[in-house]
Amino acid sequence: MKITVVGRQMNVYEEMKLLIEKKLKKLDKFFAGEGDATVTLSCKHNQKYIELTISAGGALFRSEVGADSFRDALDDAVSNIERQIRKNKTKLAKRLRQGSFIPPSEEEFDDTPLDEEQILRTKTYDTKPMSPEEAILQMNLLGHQFFVFKDDQTGATCVVYARRDGAYGLIVPEAE
């Protein structure tokens, strides 16, 4: 697994990088060495935060954890990812065999506000055709409340979202 360690407004010591690599080696058994992991360390409000994102075979796993120390946060983040993998193992195995997951592109982040408006961060990614069921699975793996995708039947850009009652909603644009 290729591991990238990033420190936001801080330096990450070699000792911490080695610890991160050691902990993430446990997850190699799930990805057969073909995954990419990005670990972002930051300090906010006297807490240590670790954001762990793993991309493998088009599936994304993400965990963001805050704790008193980076070691505790890392342990929690790795266990969260492991739990996500186990929870979705059968769904993922089926989808990965069919090759229906889209490989994510590199996300670009721009943390600078635009002309003093309320946009704090901009994300870009490639949209590939998929079914609403695949979009719901991808949304759940990312831990987001909504997911934008291109419908494989109509080619329209659609949105799936999690409703408060536990169900899912689908927003489809009206044909012009």
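With 22 Å as the limit, write out which pairs from LYS25/LYS89; LYS26/LYS89; LYS2/LYS29; LYS29/LYS89; LYS23/LYS87; LYS48/LYS123 have Cα-Cα distances beyond it, or answer none. Going by Cα-Cα distance, LYS48/LYS123 fall outside the 22 Å limit. The length gained by stretching the chain between LYS2 and ARG71 to full extension, at 0.36 nm per residue less their Cα-Cα distance, is 22.8 nm. Of the GluC sites (Glu not before Pro) found in region 22-91, those that fall in a DSSP loop while having at most 15 other beta-carbon atoms within 10 Å are GLU34. Using the average count of surrounding beta-carbon atoms within 10 Å as a protection proxy, the listed peptides 5-14, 18-27 rank, highest first, as 18-27, 5-14.
Comparing Cα centroids, region 32-74 and region 147-176 end up 28 angstrom apart. This model, with +1 at the C-beta of Lys and Arg and -1 at the C-beta of Asp and Glu, gives region 2-87 a dipole about its Cα centre of some 180 debye.
Computed over neighbours whose Cβ is under 12 Å from that of ALA73, the net charge equals -2, Lys and Arg +1, Asp and Glu -1.
A DSSP coil position with no more than 10 other Cβ atoms inside 10 Å describes the following trypsin sites (Lys or Arg not before Pro) in region 139-174: ARG163, ARG164.
Altogether, the Stokes-Einstein calculation at 20 °C and 1.002 mPa s, with the Kirkwood radius of region 2-87 over Cα pairs as Rh, returns a diffusion coefficient of 166 µm²/s. Fully extending the segment from GLU82 to THR122 would add 11.6 nm, taking 0.36 nm per residue of separation and subtracting the current Cα-Cα distance.
Laboratory data are not the source of any read-out in this text; all were calculated from the coordinates shown. The model shown is predicted, which means the values in this text are computed figures rather than measured ones. No Cβ is skipped: glycine too gets one built from the backbone with ideal geometry, and neighbour counts run over all protein chains shown.
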